[in-house]
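Undergrad: The following block contains the structure, expressed as structure tokens.
The values are calculated or read from the model by the stated rules, or taken from the named source; none is laboratory data. Note that this is a predicted model, so its numbers are computed, not measured. Neighbour counts run over all protein chains shown; Cβ positions are idealised from the backbone, glycine included.
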Amino acid sequence: DGGITQSPKYLFRKEGQNVTLSCEQNLNHDAMYWYRQDPGQGLRLIYYSQIVNDFQKGDIAEGYSVSREKKESFPLTVTSAQKNPTAFYLCASSISNRAYGYTFGSGTRLTVV
Amino acid sequence: GQNIDQPTEMTATEGAIVQINCTYQTSGFNGLFWYQQHAGEAPTFLSYNVLDGLEEKGRFSSFLSRSKGYSYLLLKELQMKDSASYLCAVDNFGNEKLTFGTGTRLTIIP
């Protein structure tokens with residue numbers, strides 16, 4: 001079955017540490033996206049990528065980094081520069097013209113301890 | 001720029017009908033999506049409207065008026081499991097991503 005997989009489901013980070021969230025899709029989608037969602041809030045775009053080896057900043061990119069070395073993979077690193085990283089992180093993918101919208105992963109809940 | 005407005009919260013009674021509105025101001029409109037998101041879970045696709053009119057899919061229907069920049073999601077025969085957030089998202093020509101509203105949290109009461 002095709003889909004998009006995020007791991008881990010829950011992640012705990014100590015202050016000052018970098019952590020990387022995994023996102024893998026086997027849908028052959030060109031575009032991939034990372035969103036952050038805080039309790040009771042909407043989705044805020046962190047980074048997105050339309051093709052391999054290229055990505056663009058979203059609305060809240062500070063303190064985050066990404067890579068897109070393979071079409072299937074779009075990992076997100078939450079760096080120590082992100083001062084308030086505790087949130088629910090969602091990865092999504094789509095075909096290039098978004099005609100069928102996004103397919104979302106199941107999310108990673110990151111907590112700073 | 002783009003602006004998408006949805007009510008923050010709504011409450012409805014089991015078995016009843018509820019309408020969730022979404023208004024948008026944007027250029028190059030290309031379509032509007034509705035997603036359902038249960039707490040702590042990923043959003044799931046409900047509907048997609050490109051042309052004016054009503055799209056019906058079981059208990060859920062979605063309406064679009066491009067000239068008015070307006071859409072609504074209609075939920076009939078409400079069930080407790082319909083308690084969730086409902087996200088409106090707009091697609092625009094030349095924009096490489098969807099723009100999401102802040103979502104409407106719907107609570108169904110017995």
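Undergrad: Going by the structure shown, is A:VAL52 away from chain B (no Cβ under 14 Å) and over 18 Å from B:GLU96 (Cα atoms)? Steps first, please.
TA: Numbers: away from chain B (no Cβ under 14 Å): yes; over 18 Å from B:GLU96 (Cα atoms): no.
Judged against the criteria, A:VAL52 is not a match.
Undergrad: Regarding B:PHE60, is this residue in contact with a strand residue (DSSP E or B) (Cβ under 8 Å, 6 or more places away or on another chain), closer than 28 Å to A:THR5 by Cβ, surrounded by 13 or more Cβ atoms within 10 Å (Cβ to Cβ) and more than 10 Å from every other protein chain (Cβ to nearest Cβ)?
TA: Values: in contact with a strand residue (DSSP E or B) (Cβ under 8 Å, 6 or more places away or on another chain): yes; closer than 28 Å to A:THR5 by Cβ: yes; surrounded by 13 or more Cβ atoms within 10 Å (Cβ to Cβ): yes; more than 10 Å from every other protein chain (Cβ to nearest Cβ): yes.
It is true that B:PHE60 is in contact with a strand residue (DSSP E or B) (Cβ under 8 Å, 6 or more places away or on another chain), closer than 28 Å to A:THR5 by Cβ, surrounded by 13 or more Cβ atoms within 10 Å (Cβ to Cβ) and more than 10 Å from every other protein chain (Cβ to nearest Cβ).
Undergrad: Return the residue satisfying two criteria in turn: it lies in the stretch A:97-113 and is part of a strand (DSSP E or B) and more than 15 Å from the chain's Cα centre (by Cα), and of such residues it is nearest to the other protein chains (Cβ to nearest Cβ).
TA: Filtering the stretch A:97-113 for residues part of a strand (DSSP E or B) gives A:103-104, A:108-112.
Among the residues that remain, those that are also more than 15 Å from the chain's Cα centre (by Cα) are: A:111-112.
Values: A:THR111: 13, A:VAL112: 18 Å.
Only one residue fits best here, namely A:THR111.
So that you can scan it fast, the table gives a plain yes or no per residue for (1) in a strand (DSSP E or B); (2) of a type in the set (Asp, Glu); (3) in contact (Cβ under 8 Å) with a residue 24 or more places away in the chain; (4) within 11 Å of chain B (Cβ to nearest Cβ):
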residue: A:CYS23; (1), (2), (3), (4): yes, no, yes, no
residue: A:LEU27; (1), (2), (3), (4): no, no, yes, no
residue: A:TYR35; (1), (2), (3), (4): yes, no, yes, yes
residue: A:GLN41; (1), (2), (3), (4): no, no, no, yes
residue: A:ASP59; (1), (2), (3), (4): no, yes, no, yes
residue: A:SER65; (1), (2), (3), (4): yes, no, no, no
residue: A:ARG68; (1), (2), (3), (4): no, no, yes, no
residue: A:SER80; (1), (2), (3), (4): no, no, yes, no
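Undergrad: Of these, B:LEU54, B:LEU32, which one is more than 9 Å from chain A (Cβ to nearest Cβ), at pLDDT 95 or above and surrounded by 13 or more Cβ atoms within 10 Å (Cβ to Cβ)?
TA: Numbers: B:LEU54 fails: surrounded by 13 or more Cβ atoms within 10 Å (Cβ to Cβ).
Residue meeting the stated conditions: B:LEU32.
Undergrad: Would you check if A:SER94 is surrounded by 16 or more Cβ atoms within 10 Å (Cβ to Cβ), over 12 Å from the mean Cα position of the chain (by Cα) and within 11 Å of chain B (Cβ to nearest Cβ)?
TA: In short, yes.
Undergrad: Go through (1) under 25 Å from B:ILE108 (Cα atoms); (2) without any contact (Cβ under 8 Å) to a residue 40 or more places away in the chain one by one and return the number of the condition B:VAL50 breaks.
TA: All conditions pass for B:VAL50, except number (1).
Undergrad: When the stretch A:62-91 is examined, which residues are found to be more than 15 Å from B:ALA42 (Cα to Cα), buried (at least 17 other Cβ atoms within 10 Å of the Cβ) and of a type in the set (A, V, I, L, M)?
TA: Passing the criteria: A:VAL66, A:LEU76, A:VAL78.
Undergrad: What number of residues within the stretch A:4-20 are part of a loop (DSSP other than H, G, I, E, B) and either over 21 Å from B:GLY40 (Cβ atoms) or among the small types (Gly, Ala, Ser) (or both)? Talk me through it step by step, then tell me what you get.
TA: So in the stretch A:4-20, the residues part of a loop (DSSP other than H, G, I, E, B) come out as A:8-9, A:14-18.
This time we only want the ones that are either over 21 Å from B:GLY40 (Cβ atoms) or among the small types (Gly, Ala, Ser) (or both), so: A:14-18.
Selection size over the stretch A:4-20: 5.
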